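The values are calculated or read from the model by the stated rules, or taken from the named source; none is laboratory data. Source: prediction; values computed, not measured. Heads up, the Cβs are rebuilt from the backbone with ideal geometry, glycines too, and the neighbour counts pull from every protein chain shown. To get the accessible areas, we keep the full protein, side chains included, count just its heavy atoms, and leave off ligands, DNA and RNA. Shrake-Rupley method; radii C 1.70, N 1.55, O 1.52, S 1.80 Å.
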Amino acid sequence: MMIYEHIKTLLKSTLADVAKAEGWTLPAELPDFTVEAPRDTKHGDIATNLAMTLTKLIGKPPRAIADAMVAALKKDTSYTSVEVAGPGFINLRLASSIWQEQLKTILNAGTHYGDLNLGNHEKVVVEYVSANPTGPMHAGHVRGAVFGDALSNLMQKAGYDVTREYYFNDAGTQVDVLARTVHLRYREALGESIGEIPAGLYPGDYLKPVAEKLVARDGKKWQGKDEAEWLKPLREFAVAEMMQAIREDLNMIGIKHDVFSNERDVIENGTLDKVFKSLEDKGLIYVGTLPPPRGKEMEDWKPEPLTLFRSSQFGDSSDRSLKKRDGTWSYIMPDIAYHYTKIQRGFKLMINVLGADHGGYLERMRPAIAAISDGSAKLDVLFCQMVKVFNNGEAVKLSKRSGNIITLREMVEEVGADSVRFTILTRSFDSQFEFDFAKTKEQSRDNPVFYIQYAHARCYSVFRKAAELFPKADISVNTLSNLDLSLLTSEDDIALIRFLCNWPKMVEAAAQTREPHRISFYLYDLAALFHSFWNKGKDDAQLRFIIEDNLPLTMARLALLKGITTVIASGLAVIGVKPLEEMR
RNA sequence: GACCCCGUAGCUCAGCUGGAUAGAGCAAUUGCCUUCUAAGCAAUAGGUCGUACGUUCAAAUCGUAUCGGGGUCGCCA
């Protein structure tokens, strides 16, 4: 980024000079203009749209403004060419020495190259997965899980103090259903014939081992007893088991949360009562009746007085009920209390990664957070769109009810963690995508993630070869970063360095937009440049990395390779994929 | 009835805080392994960017309308 910011500053000062000479009046604050590497290298190293953004202000055609700028820029020797192109772009080419210096900067920074101070060490909590402990992780969870994890990596790289968090509901009806199903499986494990799993309980075999564990621990203790006796202990047992399984599943795909929070704690430690009372104290709670929901047929709907939160005072379309008809808390109240704990822990920025099926969540939670934080905390919710799962072209309906699921475990075992992560992270989170399990399995070897890993491995292969051919040469990073790199002059050398210099800008853009997939595409393009360079060495010996009779050039090329592996490795770290040193 | 996301090559998707001839992978066709790993490279073919207006020096990108697909609108989570 250094280089682009530097050029931008230079352009501004040149513009000021030109404006003076030409008699243009400029505003104190210039319109925002770009300084970036153009897509097509024919357009130079760096292009700016500066002239075009000034047409209105100055009242002259863009090319005329550009021409005046070019005349002034040509006096600066750090540009080897300056020209006007297209509708009024100014294209600059920089002296090779500038790029060679940039490569040194990269080597000195190592994998910290691209680290930013965008977040200024601000504390941010990223909550993701947060699946309730009623079943194993399945394909529907994977997208949010991987996305949230990569986003956390990205925010960290951009200079935020990130906490990865998982929140689960262990106090509602779902976990009661879980406990009942476990009890049934428990009776089965003890030899009873249970027949089909009744509707309303969880089908699927995944609770069998849990039941067996329970038998091993408690024997026949709960057989033939009333639900009132076993519900609570079995619930606790089952929740602990499921959470353990979930952690193991997530681990398979490289995900580890820093903090696990749960609904029961929030209720039992008094946080919920405290938060509710503070809402009451603020005059935001009343008893009233809500209109029936629109656009949806509600057979069992009856107007009844409920405990309501004045959500509409904070921009919500309606007030919200905090208690159910039966007097128990509705899901939103523990959630509000949970978010209060985040605020208490010092987070002013909270990011929640949710599935698109939680569409109304933000509209409800934002007002609540505004109320409990008095407007000082901010909630961002990123909705990952649905994943449509196919198996060889046939749609797979994921449903716990029918037991028809593709588990995370199956995905990782069949396709591989790296491929799964990369596939997910080459999509923008807000567009739905189709995941064909069978096809992905079949094509797993074609997954673009290997293309990037292969580039990394090839670089390492050259280093191994160099060590063999030049046993006396010191090819450590320290030495490489202090070399004279003036031998790196070919178009391909410079093109690669130039591309490496885009890395910090990529991190910045990806972090600002919360779009880790940009990193994947950048890495792919970098790998493509590298592979292309590699193959040129077959036609032109001077473009090989190792040139046996030219140690100085070889050393300079090794420095370039080091720059490439450095950026690939730090990019893959964001994606959460291993940078391999060898692939055979 | 209201709100959110998407519509780009045969398929899966990038590009969208406006910029130069619209990109990649897969699938198709053709070349390249005595030389640093062919999980690679080079080339060919493939698109009215859903549609229509509008804003702009400039629109796949922004706005309005419309069609199509998905999601949400609860005291469920």
Item to complete: Test A:Glu468 against the criterion of being assigned to a helix (DSSP H, G or I), of a type in the set (Asp, Glu) and under 30 Å from A:Asn352 (Cβ atoms), and give yes or no.
Response: no
Worksheet, complete the sentence: For the range A:519-557, the count of residues that are crowded, with 19+ Cβ neighbours inside 10 Å, under 16 Å from the mean Cα position of the chain (by Cα) and either not polar (S, T, N, Q) or not assigned by TED's automatic domain parsing to the domain that holds A:Asn482 (or both) equals 3
Response to the item:
All-but-one check, A:Val567 against (1) farther than 28 Å from A:Thr80 by Cα; (2) in a helix (DSSP H, G or I); (3) not basic (Lys, Arg), failing number (1)
Discussion item. Return the pair list, or none, for Cβ contacts closer than 7 Å from residues in the range A:34-54 that are near RNA strand B (Cβ under 6 Å from one of its atoms) and polar (S, T, N, Q) to residues that are open to solvent by 50 Å² or more (accessible area, probe 1.4 Å) and modelled with pLDDT of 90 or more, at least 6 apart or on different chains.
Written reply: A:Asn49/A:Phe89
Practice prompt. Count, please, the residues in the range A:110-129 that happen to be closer than 30 Å to A:Met350 by Cα and assigned to a helix (DSSP H, G or I).
Written response: 2
Worksheet item: What about A:Asn120, is it in contact with a helix residue (DSSP H, G or I) (Cβ under 6 Å, 6 or more places away or on another chain) and open to solvent by 20 Å² or more (accessible area, probe 1.4 Å)?
Response: no
Worksheet item: Which one of A:Ala71, A:Ala66, A:Ala19 is open to solvent by 30 Å² or more (accessible area, probe 1.4 Å), farther than 30 Å from A:His112 by Cα and either within 16 Å of RNA strand B (Cβ to nearest atom) or not assigned by TED's automatic domain parsing to the domain that holds A:Val567 (or both)?
Response: A:Ala71
Worksheet item: Under the condition of being in contact (Cβ under 8 Å) with a residue 24 or more places away in the chain and out of contact with any Lys or Arg (no Cβ under 6 Å at 6 or more places or on another chain), which residue from the range A:533-545 is nearest to RNA strand B (Cβ to nearest atom)?
Response: A:Trp534
Fill in: Qualifying positions in the range A:154-174 - buried (at least 19 other Cβ atoms within 10 Å of the Cβ) and either free of Cβ contacts under 8 Å to residues at least 12 places away in the same chain or over 20 Å from A:Glu248 (Cα atoms) (or both)
A:Leu154, A:Met155, A:Gln156, A:Lys157, A:Ala158, A:Tyr160, A:Val162, A:Ala171
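Results for (1) within 16 Å of RNA strand B (Cβ to nearest atom); (2) in contact with a Cys (Cβ under 8 Å, 6 or more places away or on another chain); (3) open to solvent by 30 Å² or more (accessible area, probe 1.4 Å); (4) assigned to a strand (DSSP E or B), shown as yes or no for each residue.
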{"site": "A:Lys256", "(1), (2), (3), (4)": "no, no, yes, no"}
{"site": "A:Ile267", "(1), (2), (3), (4)": "yes, no, yes, no"}
{"site": "A:Pro293", "(1), (2), (3), (4)": "yes, no, yes, no"}
{"site": "A:Trp301", "(1), (2), (3), (4)": "yes, no, yes, no"}
{"site": "A:Arg325", "(1), (2), (3), (4)": "yes, no, yes, no"}
{"site": "A:Ile336", "(1), (2), (3), (4)": "yes, no, no, no"}
{"site": "A:Lys342", "(1), (2), (3), (4)": "no, no, no, no"}
{"site": "A:Gly346", "(1), (2), (3), (4)": "no, no, yes, no"}
